[in-house]
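This report concerns only the one structure given below.
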Amino acid sequence: MKKIIRLTLFVSVICAMFTMTSCSYNSMVSAEENTESAWSEVQNQYQRRADLVPNLVNTVKGYAAHEKSTFEAVTEARTKASSINLTVDDLTEENLEKFQKAQDELGSTLSRLMAVAEAYPDLKANENFMDLQAQLEGTENRIAVARRNFNEAAQSYNTLIRKFPAIITAKIFGFKKKAYFQAAAGAETAPTVSFE
């Protein structure tokens with residue numbers, strides 16, 4: 001009789017552990033899929049911005065042909081930013097930092113291109129330029145939303161794989177922490193504005 005009770009208890013414990021592991025595993029898979037989906041959206045928005053760059057450069061070139069160094073810098077930054085392709089499995093702190101640095105460089109050169117455009121009133125009145133500028137502004141907003149959504153998905157996933165008893169399942173099946181987008185260096189300091 002004692003053997004039957006022990007065997008029943010042993011089988012019950014094994015079944016409970018199997019149920020907990022399978023539930024944890026399935027939850028982790030769902031959270032990882034959400035993170036992958038959010039990362040894909042980030043990449044889509046950055047690609048949308050990269051696709052707008054050639055049209056924007058060509059439009060500005062027609063009005064400001066002597067700004068060659070700016071055009072070259074934008075083109076080079078676009079190429080560099082487009083060359084870094086990460087999957088969700090590659091999202092280490094180091095890789096995400098490289099990706100973000102390239103994207104920030106492209107954003108910086110686009111800002112310089114827009115500053116060039118300010119010097120040409122005819123260009124600022126050009127309907128094609130105005131449309132491209134509006135699309136670029138909308139894309140920058142979409143990038144910000146996609147990055148926020150990715151960080152939220154990554155946080156949910158990272159939290160899930162660190163909780164007990166799910167951490168055991170995460171270690172067994174190789175679920176690893178995902179990196180987050182961080183604010184740009186210096187973003188915590190408010191800019192100084194002077195009207196002198």
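The values are calculated or read from the model by the stated rules, or taken from the named source; none is laboratory data. On a predicted model such as this, the values are computed, not experimentally measured, just so you know. In this analysis, Cβ positions are derived from the backbone assuming ideal geometry, glycine residues included, and neighbour counts consider all displayed protein chains.
Brief remarks follow.
- Breaking point among (1) touching a residue at least 40 places away in the same chain (Cβ under 8 Å); (2) closer than 18 Å to residue 45 by Cβ; (3) surrounded by fewer than 19 Cβ atoms within 10 Å (Cβ to Cβ), for residue 108: (1)
- Just one of (1) within 20 Å of residue 179 (Cβ to Cβ); (2) touching a residue at least 60 places away in the same chain (Cβ under 8 Å); (3) not in a helix (DSSP H, G or I) fails for residue 39. It is (3).
- Only one of the listed residues (57, 74) is within 30 Å of residue 151 (Cα to Cα), modelled with pLDDT under 90, out of contact with any Asp or Glu (no Cβ under 8 Å at 6 or more places or on another chain) and surrounded by 16 or more Cβ atoms within 10 Å (Cβ to Cβ). That residue is 74.
- Here 125, 146 are screened, and the one residue that is surrounded by 11 or more Cβ atoms within 10 Å (Cβ to Cβ) and either modelled with pLDDT of 85 or more or farther than 21 Å from residue 36 by Cβ (or both) is 146.
- Hey, residue 49 under 14 Å from the mean Cα position of the chain (by Cα), at pLDDT 85 or above and in a helix (DSSP H, G or I) or not: yes
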